[in-house]
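Taking it in order: structure first as structure tokens, then the write-up.
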Amino acid sequence: AGGKGGGKKAKKTTGFGSMWATDTAQDNGGPTARATVKVRLPNLKAESDDDPFYTDRLEVSDGNGPVDALASALKRALVPDHPFLSRLELVDYKVRILDPERATGAATRVMIEFRDTRGDEGGGGGGGGSGVGGEGR
């Protein structure tokens, strides 16, 4: 928080509110999954302390499987405020089961690796890659 009384403002960061993906198998060769993400972004256009500090953005995207749909929905949510992310493409992903005793009801963690299509070496994760992760049921 903060304000005109000399208080300290919190650091503006981007956070994930929620994300989920579902299979939508289709016979016509179209997309096989749909993902929904909700992200919380700093309000970069705030001009006064009365303006909201954060903006929530909800996006839905289809893809060739749940991870592709999730990556597309994340990009749709983030690219308007971070245009450089439009250059990223999905290159790999890993799914981890967090509580295997729950079987098909188990919580999972999905790590998605992206690559900059410009081929720049740099960024996180070595080899020009960068990752994002999320957990859910």
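So here's what we get for this one:
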item	result
Cα-derived Rg to Rh of region 33-116, Kirkwood definition	1.08
Nearest-10 value in Å² for the accessible area of THR55, using the 1.4 Å probe	60 Å²
Cβ-Cβ FRET estimate between LEU98 and THR55, R0 fixed at 41 Å, reported to 0.05	0.85
Largest to smallest accessible area among GLU59, GLU113 [probe 1.4 Å]	GLU113, GLU59
Whole-number percent relative contact order across region 33-116, with pairs defined as alpha carbons under 8 Å at least 6 apart	24 percent
Environment charge of PRO66, counting only residues whose C-beta is closer than 10 Å and scoring Lys/Arg +1, Asp/Glu -1	-1
SER86 accessible area, assembled protein chains, probe 1.4 Å, Å²	70 Å²
Long-range amide H partners of ASN64 with built H, under 5 Å	THR32, ALA69
Qualifying chymotrypsin sites (Phe, Trp or Tyr not before Pro) in region 34-88, DSSP loop, other Cβ atoms within 10 Å at most 14	PHE53
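The values are calculated or read from the model by the stated rules, or taken from the named source; none is laboratory data. Since we're looking at a predicted model, the values are computed, not measured. FYI the Cβ positions are ideal-geometry reconstructions off the backbone, even for glycines, and counts take in every protein chain you see. All accessible areas refer to the heavy atoms of the entire protein, side chains included, with ligands and DNA or RNA removed. Shrake-Rupley method; radii C 1.70, N 1.55, O 1.52, S 1.80 Å.
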